[in-house]
1. May I ask you to verify whether A:T415 is within 10 Å of chain B (Cβ to nearest Cβ), modelled with pLDDT of 90 or more and either open to solvent by 60 Å² or more (accessible area, probe 1.4 Å) or not in a helix (DSSP H, G or I) (or both)?
2. Which members of the range B:176-234 meet the condition of being touching a residue at least 60 places away in the same chain (Cβ under 8 Å), open to solvent by less than 80 Å² (accessible area, probe 1.4 Å) and not in a helix (DSSP H, G or I)?
3. Can you tell me which residues in the range A:252-288 are aromatic (F, W, Y) and either open to solvent by 60 Å² or more (accessible area, probe 1.4 Å) or in contact with a Ser or Thr (Cβ under 7 Å, 6 or more places away or on another chain) (or both)?
4. If only one of A:T108, A:T84 is surrounded by 24 or more Cβ atoms within 10 Å (Cβ to Cβ), of a type in the set (S, T, N, Q) and touching an Asp or Glu at 6+ places or on another chain (Cβ under 7 Å), which one is it?
5. Provide a single number: the residues in the range B:80-93 that are facing chain A (nearest Cβ under 8 Å) and either more than 13 Å from A:A372 (Cα to Cα) or without any contact (Cβ under 8 Å) to a residue 24 or more places away in the chain (or both).
6. In the range A:315-330, what residues are over 30 Å from A:A17 (Cα atoms) and touching a helix residue (DSSP H, G or I) at 6+ places or on another chain (Cβ under 8 Å)?
Amino acid sequence: METVDLARLQFALTAGAHFLFVALTLGLVTLVVAVQTWATITGSPVHERMTRFWGQLYIINYAMGIVTGLVMEFQLGLSWSGLTEYAGNLFGAALALETLVAFFVESTFLGLWIFGWNKLNRWAHLAVIWVVALTAYASAFWILVSNGFLQNPVGYVVDGDRLRMTDFGALVANPAAQVAFFHVLGGAMIVGGVFMAGVSAYHLRRRSREQDFFRKSLRIGIAVALPATLFTATFGGLGFQTLQPAKAAAWTRDVSGLAAAQAEMVAAHGPGDYLPPVAWVQAGGMTMMLAFAVLMFFYGGSFLLMLARPAAHGFRLWHWLLTATIPLPFVAMISGWIFREMGRQPWAVYGLLTTAEAMSPVTGGQVRFSLAAFVTVFAVLIVVNSWLLARAARRGPDAVALGDRPIDVPSPALTF
Amino acid sequence: MEIFILAFFTLGYLVLAGADIGVGMLLPYLGRSGGERREVIAAIAPFFLGNEVWLVATAGVLAGMFPELEAELLHGNYGPVVVLLVSWVVRDVGLWLRGRLPGERWRLCWDGAVVAGSWGLALSWGALLGHVLLGLSGPIAALPALVLSALFAVHGLAFATLRLRGELRRRAAVLSGGAGEARTYALTAGALMVIGVLAGTRLPLDAGPTASLLTPVILTLLPLLVAAQAWVWWTFRHRVTGPSYL
């Protein structure tokens, strides 16, 4: 592979992993906020335990979102400095706002939420998780503003060999960013809702003692997942209005549209291949649509079933299906992402800077070294972390350490 | 003003997260058993997320206000930066995962990750700053790497002395003698800041045009960010009395 393909693979693997973990983080934090708010207002013990159980799963998952996110942010400077130099004034500005307005506060308050359990006043503790959730949304918003700029550059002028911002408002109001933000946020709610429903169904199928706990969780999960599916599809539909001409033509296999997009780019930028990989765009789009259709019908039916208490407790085939559906929203998320990002190729900034031009002046050996290092570490960590997540989900609310007094006391110091 | 913002976050990272790195490096010395190590980690647990995020903010400031410097710094130091990132990931995951299963070997394995990751962070920071400050690369870069690692370690000891009690505190006070812990922490913090500032003077600090937009936003936010951090410091101002969630 050429160096640029290696660098793309490296970024795609990091960003793809990040996207999946963060989707569950965003979905779960919303559910945790809802449950903790209810627990704090009513003092309901079952909701207090739900907060701790779902909160612990949220935190186990959070770790992978952080570490992949760190590597992703630094990769922009490591291997894509052509992009940061060319579009740093717009793309970089949105990233800067993400770190300072959102992630800085999110990370600080997450520590306060985890370690401040039983230490902070309970209303203060609730306020802390609200701040964590809101800054997580803000983070997603600014990331999609920067991604939206790459998809549909606005608010700039070309100044010599780089871009200069002229209209910050246009950068923020970019439809490619706004629509994507709500689409991704809805997608994260599906991921979180389906996860909560699937884990709850697992325990109901196993005749857990915690019937009340998991029936309530099951209902919350389904009640969030179904409307979120419709919400996501609505913004997905709006997203099709903002597609670049080449991506739209690749999606509909419109041969003349592809030729027109190619001819327009050749006229503007000289000879070259300016079309996205049609097979990837098609496969991404089709998989996403299919996953959406299955989710909508299955969750439409599930919404009715969950209202009947006997079904909620005893319909084991349905419980099994609910658990088996947990991966489906992740499949939809990643294929939608492939559709969006592959469809932008060969451009890093659509119509302005190609992916090859966005590369840093680094050697193939350097990228091979970092690719091997990141892939090895992340592969191990993703396997371990997913296993831990599944284990904690299976063990149920009695095994939760979050918000508890730790069990093991340090052994007395040895003297020698 | 742009340079002040960049320096604020970079130096904040070196001083605050530098203590976490130092404690992680000396974890086998400070905690001799699994339970002791857990208590030592409780000294940094509530802070490490809020501390490492100063570097994320630094990267954000670089991307938005100094895009050319960011590019030059990162891909110009490709090897050390990749080692730094991998170490950072390994250290963090060690902290996150060590307490999630009860087994002794599980904890030993992730404690090992914390130690290896902390050393990797310290050494790659040393190599990076040695390159920026002195232009050193190749085998000779091991020298500044070791010097900076020693500084992180002493800084971590001082922080651990401030946070721990009893035998653990006595161990951490091996250099500061206990009474002078705050002074030692101030000294090592000062030394880290001096190194950071000196490295900064060797960099081409020319802010890009977006700086004029971002500077007022960031300056307005700054008191809020510091207040959020101060709330964490205030909440966990007492010495560690037992193991934490990690």
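1. Values: within 10 Å of chain B (Cβ to nearest Cβ): yes; modelled with pLDDT of 90 or more: no; either open to solvent by 60 Å² or more (accessible area, probe 1.4 Å) or not in a helix (DSSP H, G or I) (or both): yes.
Spelling it out, it is not the case that A:T415 is within 10 Å of chain B (Cβ to nearest Cβ), modelled with pLDDT of 90 or more and either open to solvent by 60 Å² or more (accessible area, probe 1.4 Å) or not in a helix (DSSP H, G or I) (or both).
2. Within the range B:176-234, B:L203, B:P204, B:L205, B:A207, B:G208, B:T210 qualify.
3. We begin by selecting, within the range A:252-288, every residue aromatic (F, W, Y); these are A:274, A:280.
Within the range A:252-288, just A:W280 meets the criteria.
4. On the way: A:T108 fails: touching an Asp or Glu at 6+ places or on another chain (Cβ under 7 Å).
So the residue among A:T108, A:T84 that is surrounded by 24 or more Cβ atoms within 10 Å (Cβ to Cβ), of a type in the set (S, T, N, Q) and touching an Asp or Glu at 6+ places or on another chain (Cβ under 7 Å) is A:T84.
5. 8
6. Looking only at the range A:315-330, we keep the residues that are over 30 Å from A:A17 (Cα atoms), and these are A:315-317.
Those that are over 30 Å from A:A17 (Cα atoms) and touching a helix residue (DSSP H, G or I) at 6+ places or on another chain (Cβ under 8 Å): A:F315, A:R316.
Matching residues to (1) open to solvent by less than 60 Å² (accessible area, probe 1.4 Å); (2) part of a helix (DSSP H, G or I); (3) within 28 Å of A:S200 (Cα to Cα):
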site: A:P329; (1), (2), (3): yes, yes, yes
site: A:G365; (1), (2), (3): yes, yes, no
site: A:F369; (1), (2), (3): no, yes, no
site: A:V375; (1), (2), (3): no, yes, no
site: A:S386; (1), (2), (3): yes, yes, yes
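Rundown of residues vs (1) at pLDDT below 90; (2) more than 7 Å from every other protein chain (Cβ to nearest Cβ), yes/no style:
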| position | (1), (2) |
| --- | --- |
| B:R37 | no, yes |
| B:P46 | no, no |
| B:A59 | no, no |
| B:F66 | yes, yes |
| B:N77 | yes, yes |
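The values are calculated or read from the model by the stated rules, or taken from the named source; none is laboratory data. Predicted model, so just to flag it, every value in this text is computed and none were measured. Here the Cβ is made from the backbone with ideal geometry for all residues, glycine too, and neighbour counts use every protein chain on show. Side chains included, ligands, DNA and RNA excluded: accessible areas come from the protein's heavy atoms. Shrake-Rupley method; radii C 1.70, N 1.55, O 1.52, S 1.80 Å.
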